[in-house]
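J.: The structure's right below; bear with me while I get my questions together.
The values are calculated or read from the model by the stated rules, or taken from the named source; none is laboratory data. For clarity, every value in this text was computed on a predicted model and none was experimentally measured. Every residue, glycine as well, gets a Cβ built from its backbone with ideal geometry; the counts of neighbours run over all protein chains shown.
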Amino acid sequence: MEMSEPRLRSMLRQADRVAGSGKRAAAEQLYRQIVAEAPQAQAAWLGLAEVVTEADEKEKAYQQVLKLDPSNETARTALAELRGQPLDETAPDGDPPEDVFNQSRDWLEAATAPPKRRPTAAPPATPLPDQEAVAVPGAATEEDYELVCYRHADRHTALRCYSCGRPICSRCAVKTPVGYRCPECIREAEAVFFTARPLDYVVAALVSLPLSVLAGFLVTLFGRGFFFIIIIFFIGGAIGGLIAGVASRVVGRRRGRYLPHVVAASVIVGAFVPALPALLAIVFGNVAALGSLLIPGIYAFVAASAAFYRMR
């Protein structure tokens, strides 16, 4: 995925904050995404080396930093400690060690900084000599609002997922009792409750489809008149719930993410199998046959909806 330069800077700051809060896994994912888009970003390689747990991964990250900048004292010292080698207190050129880690961050921000624009508003008034600038606790800064949704690169946001720490926009955020969470974390949490096996999907289809076809034939056989259209709204839901209940019992009441879809699709197919002659007549140009599909269509909608929610 192509990322814009402002997003790259924002991701680096976010990765630093996530790493500082102790969420090493989320920070590692962000650092890896940065180095994949900008392999020359020394700050991201150094951050990645700090959050990974495996020694081989740490060594590779430090080696990448030294490959980009052989005089990086931070990486040299950390790599020496990792290998159990004596520390060299002097930099290669005889100069005292510098904070190259921060320099590399400054380089990344300077390289990706947007062009300066002329101010459109008057500058703030200069405080009097006897006044001091007071920082307001909790005041929002510009940096706090430079995050973008990890699922939508064009949407700026100030929200983060409670579980993984990634930024999410208001459209992706799902409100939970513990805070806002992203769709991926919600999906992982729901996966714990889905215990259905692959065979259960086949069994559910084999059980619900014959029952649905039988119910569809009965509806087509007795479905006559305006009064039956009113009744079908009630008996259609009961039939759909009954088919879903039988399918659920056969699969051992195990829940699956797509089991409701399988049963609902079987109900729809079963409703229109008896109406195949009318469907073929419509295909060959007999528009008058559309009227015969009214009752099967209403039944399919009501019964499939009831079966879907019964299986959830």
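J.: Considering only the stretch 254-287, how many residues are surrounded by fewer than 18 Cβ atoms within 10 Å (Cβ to Cβ) and within 36 Å of the chain's Cα centre (by Cα)?
T.: Residues flagged as surrounded by fewer than 18 Cβ atoms within 10 Å (Cβ to Cβ) and within 36 Å of the chain's Cα centre (by Cα) within the stretch 254-287 amount to 6.
J.: May I ask you to verify whether Arg151 is at pLDDT 50 or above, over 19 Å from Gln29 (Cα atoms) and not assigned by TED's automatic domain parsing to the domain that holds Lys23?
T.: No.
J.: Can you tell me which residue within the stretch 30-53, out of those that are touching a residue at least 40 places away in the same chain (Cβ under 8 Å) and touching a Lys or Arg at 6+ places or on another chain (Cβ under 8 Å), is farthest from Glu184 (Cα to Cα)?
T.: Ala43
J.: Does Val251 satisfy being touching a Ser or Thr at 6+ places or on another chain (Cβ under 7 Å) and either surrounded by 13 or more Cβ atoms within 10 Å (Cβ to Cβ) or not assigned by TED's automatic domain parsing to the domain that holds Ser163 (or both)?
T.: Taking the combined requirement at face value, the residue does not satisfy it.
J.: Still on this structure, I have one more. Specify the residue that is farthest from the chain's Cα centre (by Cα); the eligible residues are those in the stretch 151-199 that are within 18 Å of Lys23 (Cβ to Cβ) and acidic (Asp, Glu).
T.: Filtering first and then ranking leaves Glu188.
J.: Within the stretch 49-99, work out how many residues are modelled with pLDDT of 75 or more and either among the hydroxyl-bearing types (Ser, Thr, Tyr) or not assigned by TED's automatic domain parsing to the domain that holds Lys23 (or both).
T.: Within the stretch 49-99, residues that are modelled with pLDDT of 75 or more and either among the hydroxyl-bearing types (Ser, Thr, Tyr) or not assigned by TED's automatic domain parsing to the domain that holds Lys23 (or both) number 5.
J.: Tell me whether the stretch 184-203 contains one or more residues that are without any contact (Cβ under 8 Å) to a residue 24 or more places away in the chain and either among the polar types (S, T, N, Q) or in contact with an Asp or Glu (Cβ under 7 Å, 6 or more places away or on another chain) (or both).
T.: So far as the stretch 184-203 goes, no, none of its residues is without any contact (Cβ under 8 Å) to a residue 24 or more places away in the chain and either among the polar types (S, T, N, Q) or in contact with an Asp or Glu (Cβ under 7 Å, 6 or more places away or on another chain) (or both).
J.: Here is a follow-up. Residues of the stretch 144-202 being surrounded by fewer than 19 Cβ atoms within 10 Å (Cβ to Cβ), out of contact with any Gly (no Cβ under 9 Å at 6 or more places or on another chain) and part of a loop (DSSP other than H, G, I, E, B), which ones?
T.: Of everything in the stretch 144-202, those that are surrounded by fewer than 19 Cβ atoms within 10 Å (Cβ to Cβ), out of contact with any Gly (no Cβ under 9 Å at 6 or more places or on another chain) and part of a loop (DSSP other than H, G, I, E, B) turn out to be Glu146, Arg151, His152, Ala153, Asp154, Arg155, Ala158, Ser170, Arg171, Pro177, Val178.
J.: Something else now. Please go through the stretch 54-68 and give me each residue that is surrounded by fewer than 18 Cβ atoms within 10 Å (Cβ to Cβ), touching a residue at least 24 places away in the same chain (Cβ under 8 Å) and not small (Gly, Ala, Ser), ordered by number.
T.: Glu59, Leu68
J.: Another question, then. Tell me which residues, restricted to the stretch 29-70, are touching a helix residue (DSSP H, G or I) at 6+ places or on another chain (Cβ under 7 Å) and not in a helix (DSSP H, G or I).
T.: Ala38, Gln40, Ala41, Val52, Asp69
J.: Is it true that some residue in the stretch 204-213 is free of Cβ contacts under 8 Å to residues at least 24 places away in the same chain, out of contact with any strand residue (DSSP E or B) (no Cβ under 7 Å at 6 or more places or on another chain) and loosely packed, with under 12 Cβ neighbours inside 10 Å?
T.: No, that holds for no residue.
J.: What helices (runs of 4 or more DSSP H) lie completely within the stretch 225-312 and have 1 or more residues being acidic (Asp, Glu)?
T.: none
J.: Out of the residues in the stretch 288-312 that are more than 35 Å from the chain's Cα centre (by Cα) and not small (Gly, Ala, Ser), state the one that is farthest from Gly241 (Cα to Cα).
T.: So the residue we want is Leu290.
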